[in-house]
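The values are calculated or read from the model by the stated rules, or taken from the named source; none is laboratory data. This is a predicted model, so every value here is computed, not measured. Cβ atoms come from the backbone with ideal geometry, glycine included; neighbour counts cover every protein chain shown.
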Amino acid sequence: MKSESEHQQQTQADTSHQSENKAADIQQEVGATIGQPFVKQPKMQARHVDVFYGEKQAIYDVSLDLGKNEVVALIGPSGCGKSTFLRCMNRMNDTIPICRVSGMITLDDEDIYAEDMDPVLLRARVGMVFQKPNPFPKSIYDNVAYGARLHGLAFNKAELDEIVITSLQKAGLFDEVRDRLHEPGTGLSGGQQQRLCIARTIAVSPEVILMDEPASALDPIATAIIEELIDELRQNYTIAIVTHSMQQAARVSQRTAYFHLGKLVEIGATNQIFTNPLHELTENYITGRFG
Amino acid sequence: MNNTELIKKGLAKRYRREKRFRAYGLMAILAGFIFLFVLVTDIVIKATPAFTQHWIKLEVNFNPEILDVGKKAGIDELKQANYNLLAKKSIRSLFPEVKKRRDKSKLAAMLSSSAEYQLRDMLLAEPYLLGQQQTVWVLADDDVDTYYKTDDKSKAVRLNDKQKIWADTLAADGRVSKRLNTTLFTNGDSREPEQAGIRGAATGSFYTILVTLLLSFPLGVAAAIYLEEFAPRNRWVDLIEVNINNLAAVPSIVFGLLGLAVFINYFGLPRSAPLVGGLVLTLMTLPTIIIASRSAIKAVPPSIRQAALGIGASRTQTVFQHVLPLAMPGILTGTIIGLAQALGETAPLLMIGMVAFIVDIPHGFLDSATVLPVQIYLWADSPERAFVAKTSAAILVLLLFLVVMNGLAVLLRKKFERRW
């Protein structure tokens, strides 16, 4: 990775430069990313990603890694492009006709935007949990079994049962729905629905899980359960989570990335970002001065 | 004056406006109900006479001499026999005093022309009746039927005074009976009102609508899915969309002209055929189904699509496993509305010859046929008084068809409806 070393040099240069003129205007300040965008054991790597919606550019030259078994939180004010970036990681943006992605994103060193990468296979490997719980209007069982059936992961009823039950257990929902697996998933409470969606995602055994504000529509108790769950899921999966809650980012993630106006401003270890941000914009955001 | 007072001052006015608006709504619904009630009541009252028919009891002597056949005549000879005379003689025998030629023919005219065929069928079925005397109920002519059904006898102007007396005598002798009119449901069209039925038109409508359903539903839904879920956003697709919306507003007779030019003149399909009728109505119904299906598909929350795609369903799987089932109630409603519209359509069918006078009941998609609304139009146009009631009866049957279809739509909706 030749571009990577260049990028790092640039980043360091920018860090020193940045401390000198803090008062410069914001647009200039959002230069190259500062912090540590790259890790030793990357699961997914994004390099120089630009995203355009028609003529409008939504993401500017974002490069970062998602490490194995780590939770990366993407934070930033509304409209900063963090959700857009997340949706590039499993090519959900393909469904938007005017959306164009350039740069490179890899999963285990495979280019996910390569000609021979099948988006269907990619999305089975990189699962996604959405902001609003969106269970199918089917039974709880069918919701979780859907992916397994779709990809032919189970060869008989017993195997399918096994997948459904383990997934529900991993999502911490099984004990609550044990007796009503065949009732509609839409009859659950909001928090339960979101855990059902997580169970549905992990039923296809993805390698990476992308979460787009998974707890923003939930009450604090349901949120706490989801957060605990994310921490447990880290043992087996690589997770990227978009969140508006700074506390949530601080609680669940190992690394945090701060986006501003489509640019990745700063990325680093979560405790460093929250205790000692390097960039003024990051500091302003996490101390609640704007955003 | 503070804010609370200001708001209070306006409140009364706001509530008044709300009340007024509710009253308007209630009035609108009430007006609709009244119109519907008047319409249906009027049709039912007018149609009632059409559901009964008067029959006349005759003593028929299957005399070989009258029939002009040999005493041991075989089936072939019996087929050629003079049943017209037999029917005439039978009624004349009830009124031996009638001698004048003119009166005799007036007397015979009181029987339906179907009487001779009824007698023929009877004898052909049971040839041993030849030479025997039988009591037979035959259909009365429509003018006699109308006379019996009219309360104010002076209004029944189609019978002359002598005929009225004969009719009264028959009734007084207990030779007249009022029965349920099954002819209406078993026969095709006829010039004679008492023999005319709507089975031909109903069957024609059934075949035509079946063709329309089989073609327009899959085509319409496929087009809607493609336009909504797969089509790229470009100028061509925009053009197609505008055209589909415009097509929905094209007068239906234009589709008839198109069908005449394309299906009959160019492809050489037969005239008056339910197949061609169905094709024309398909053209007319497609825009309705496409527009309704598109809005139903559009109404499916995008979150469901994202959920399916996010798990790794392909676009086709997403559409067929998730979007389509959720859009189905809306699609079905649109389809039924389109078909109901097609069922009541007359103008385009006139152009392709489905307005012809067709007595036979169609037995396939290529037989000559007419449809219920055209039958209504034809009957409404006929001079015979008895057709007035028939027209209303046919309207009732058409309405029944529509009610059944709408009921089906409600049932299907209930079946496919899911909550989320």
Residue list for region A:103-138, filter: assigned to a strand (DSSP E or B) and surrounded by fewer than 19 Cβ atoms within 10 Å (Cβ to Cβ): A:103, A:104, A:106, A:110, A:111
Residue check for residue B:145: farther than 30 Å from residue B:390 by Cα, of a type outside the set (Gly, Ala, Ser) and part of a helix (DSSP H, G or I): no
Number of the exception - residue A:187 against (1) surrounded by fewer than 21 Cβ atoms within 10 Å (Cβ to Cβ); (2) within 12 Å of another protein chain (Cβ to nearest Cβ); (3) touching a helix residue (DSSP H, G or I) at 6+ places or on another chain (Cβ under 9 Å); (4) touching a residue at least 24 places away in the same chain (Cβ under 8 Å): (4)
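Listed here are the residues, each with its yes/no results for (1) in contact with a strand residue (DSSP E or B) (Cβ under 9 Å, 6 or more places away or on another chain); (2) away from chain A (no Cβ under 14 Å); (3) within 21 Å of residue B:350 (Cβ to Cβ).
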{"residue": "B:254", "(1), (2), (3)": "no, yes, yes"}
{"residue": "B:262", "(1), (2), (3)": "no, yes, yes"}
{"residue": "B:274", "(1), (2), (3)": "no, yes, yes"}
{"residue": "B:283", "(1), (2), (3)": "no, yes, yes"}
{"residue": "B:296", "(1), (2), (3)": "no, yes, no"}
{"residue": "B:299", "(1), (2), (3)": "no, no, no"}
Neighbours by Cβ (under 8 Å, 6+ apart or cross-chain): first from region B:65-85, at negative phi; second basic (Lys, Arg): B:66/B:89; B:78/B:120; B:79/B:120; B:81/B:120; B:83/B:120
Residue count for region A:101-122, restricted to those that are within 14 Å of chain B (Cβ to nearest Cβ) and at pLDDT below 90: 5
Of all residues in region B:319-344 being more than 30 Å from residue B:372 (Cα to Cα) and in contact (Cβ under 8 Å) with a residue 40 or more places away in the chain, the one that is nearest to the other protein chains (Cβ to nearest Cβ): B:326
Index of the failed condition, residue B:319 passing every other in (1) of a type outside the set (Ser, Thr, Tyr); (2) in contact with a Phe, Trp or Tyr (Cβ under 7 Å, 6 or more places away or on another chain); (3) surrounded by 20 or more Cβ atoms within 10 Å (Cβ to Cβ): (2)
Criterion: surrounded by 13 or more Cβ atoms within 10 Å (Cβ to Cβ), within 28 Å of the chain's Cα centre (by Cα) and within 29 Å of residue B:64 (Cβ to Cβ) - qualifying residue of B:201, B:115, B:196: B:115
Unique residue being in the same structural domain as residue B:97 (by TED's automatic domain parsing) and in contact (Cβ under 8 Å) with a residue 24 or more places away in the chain when the list is B:212, B:182, B:135: B:135
Residues of region B:255-277 satisfying the condition of being assigned to a helix (DSSP H, G or I), in contact (Cβ under 8 Å) with a residue 24 or more places away in the chain and either among the aromatic types (Phe, Trp, Tyr) or surrounded by fewer than 24 Cβ atoms within 10 Å (Cβ to Cβ) (or both): B:255, B:257, B:258, B:260, B:263, B:264, B:275
Residues located in region A:58-80, provided they are more than 17 Å from residue A:106 (Cα to Cα) and surrounded by fewer than 23 Cβ atoms within 10 Å (Cβ to Cβ): A:58, A:60, A:77, A:78, A:79
Tally, over region A:129-163, of residues that are β-branched (Val, Ile, Thr) and away from chain B (no Cβ under 14 Å): 0
Close pairs (9 angstrom Cβ cut-off, 6 or more residues apart or separate chains): of a type in the set (Ser, Thr, Tyr) in region B:155-178, part of a loop (DSSP other than H, G, I, E, B) and surrounded by 13 or more Cβ atoms within 10 Å (Cβ to Cβ) anywhere: B:169/B:94; B:169/B:95; B:169/B:175
Failed item in (1) surrounded by fewer than 17 Cβ atoms within 10 Å (Cβ to Cβ); (2) under 26 Å from residue B:405 (Cα atoms); (3) among the charged types (D, E, K, R), with residue B:189 passing the rest: (1)
Extreme residue, nearest to residue A:113 (Cα to Cα), among residues of region A:33-57 that are crowded, with 22+ Cβ neighbours inside 10 Å and modelled with pLDDT under 90: A:37
Residue within region A:77-95 that is away from every other protein chain (no Cβ under 14 Å) and in a strand (DSSP E or B) present: no
